[in-house]
Each structure stands twice: as structure tokens, then as C-alpha cells.
Amino acid sequence: MNNFLTIDIGNTKAKYAVFRDKNIVETDVFNPVSNDLVHLLQRHQYINKGIISSVGGNVNECLEQLQDIPMIVLSNETKLPFALTYKDKSKIGADRLALVAAAFNERPHQNSLVIDIGTCITYDILTSDDRHLGGPISPGMKLRFKAMHEHTALLPLCEPSHSEMNLICDDTEECLRSGVQLGVTYEIKEFIEHYSLIFNNLNVFISGGDNIFLENKLKNCIFANSNFLFNGLRFIMEYNEIQ
């Protein structure tokens, strides 16, 4: 039985998932500069390997706590089941590699678009001949709300809402939410439409913490669960063991 740890350090928070084979037995957020991972290993002494994806730094702090188990630090140099086409491959975010790997695991050798809606919104293509094509990056919902609040004198700081958004608004907060959430929805719909003209039979995966605000607003999309990236990391670990 494989027992391993997957870690995702994003722009705003760090998370982990403990796997036994393909099943997650524990997942939570943690503080990379505390002893959280030491305590985690004390609770799960059977963990014997792991993998880290980080765009938020603190990799060394994690490795110091995990020095008794072999760890993969995901990068462009990690063995992957697809080819990278970036000019400077060292610049591609590890989180994007993990998400594309998750799409490959779900729909191997097919055209897939992975849209991750987090701090930023990223668009990644995996082609049917197993090439990763990087796509646009735009501000996520909370980043848009924060920018409008911090760069104006009077606009309040808002959070995304599950309420129906309207084109006609009668108060400032509704205006802000409609502008951000409808704007993101229209943006994503347009990107999907244009990508679908280029890539036949395109699978569309929607992932990330804010994808819950778009459910039922985007048709013919696969709304990935919160473990999508972790499953991508798990798949990469398995792939590296096989090679």
C-alpha cells in the first residue's frame, strides 16, 4: 500500500492531503513556517514519501520538517506524461503542471482545457498528442474586489456571492459583485468558445476555490472537486515510480 503526502503551497494558503493508495485520508490547511508538518508525520507515521507543488515559496521550510522521507519538489524538470512548450520552462507554475496532470489522469490523450479560478485565473491546454500549451493569466475574483477597494477612495471591499447577478443594480455592493462575477463568467465563456474552435472535442475542467460561484453558469464543463490538484500530484508521483 502506498502512503504518501501531497502539498500545495499557493499564493494565499498552503494545503496538504495524505493518501493511502488513491484515497485521501486527511486534508487541511497548514502553516509552512510552523511545526504543522512535524505534527502531521507524528499522526501518520506510515507516510514514507511525498511531493510538493509551490508557487508561494516556503519549500525549504517544509523540507526541513520532512527530511526523514523522500520528497519530490515539482518543477519543469520532474518527469511528466506530457511535453512542455514554454520558451522558458523554468517559469511555468508548479500548480499548473499539477492541474494538467490531473486532467491527463482523467482524460488521457485527449484535448483538454483546465481553467483554475483562484487568486488568479489560469488557462492551460493539454493536447491529444500530450503537449502542454500555456494560456492566459488574469486576476481572480477576490483580487479584482481587492484592487477596486484599494485603488479607489469610496468603493467597499466585497466578497463573491452565490446570489444571482444582475445587469441592472441598485446599490454599490451589487454593482461590484455583478461587475466581478459576471465579468469572470463572460470572460471564461469567451475563452472556452475560442479554444473550442481550435481544439476538437475539447474537455473543459473548472477547478480552484472560486469555481463554486460559477456552477450552473457554465454549460458542458467538468467542475472538478477540491482534490483535483492533489490527485494531479498523486498521479505525478505514480508516474515517476513507473518510469
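Values quoted throughout were computed directly from the atomic coordinates according to the rules given, and no laboratory measurement underlies them. Quick caveat: nothing in here was measured; it's all calculated off a predicted structure. Please note: Cβ atoms are built from the backbone with ideal geometry, for glycine as well, and neighbour counts cover all protein chains shown.
A few comments on the model shown:
- Panel order for T152, T27, by other beta carbons found within 10 Å of each beta carbon, from fewest to most: T152, T27.
- Note on the chain: Rg/Rh from C-alpha atoms, Kirkwood Rh, equals 0.99.
- Ranked V184, V73, criterion: other C-beta atoms within 10 Å, fewest first: V73, V184
- Sites listed here are chymotrypsin sites (Phe, Trp or Tyr not before Pro) in segment 37-136 whose DSSP assignment is loop and whose Cβ has at most 15 other Cβ atoms within 10 Å: Y46, Y86.
- By the rule of a second cysteine Cβ within less than 4.7 angstrom, the chain holds isolated cysteines at C62, C120, C158, C221.
- If R0 is taken as 35 Å, the Cβ-Cβ distance between E26 and S196 corresponds to a FRET efficiency of 0.35.
- Each DSSP beta bridge with both residues in the chain is either parallel or antiparallel, and the antiparallel ones are about 60%.
- In range of the label at S34: residues from segment 63-96 whose backbone nitrogen is under 20 Å from the point 7 Å along Cα→Cβ: 63-67
- Shown for R20, R96, R43: other C-beta atoms within 10 Å of each C-beta, ranked fewest to most, produce the order R43, R20, R96.
- Label point distance in nm, H109-D88, each placed 7 Å from Cα along Cα→Cβ: 3.6
- Ranked by how many other beta carbons lie within 10 Å on average, peptides 135-141, 224-230, 2-8, 191-197 from highest: 2-8, 224-230, 135-141, 191-197
- Out-of-range pairs (alpha-carbon distance over 32 Å; input K79/K219; K15/K146; K49/K142; K49/K146; K15/K91): K79/K219; K49/K142; K49/K146
- Rounded Å value of the spacing that divides the Cα centres of segment 60-77 and segment 174-243: 28
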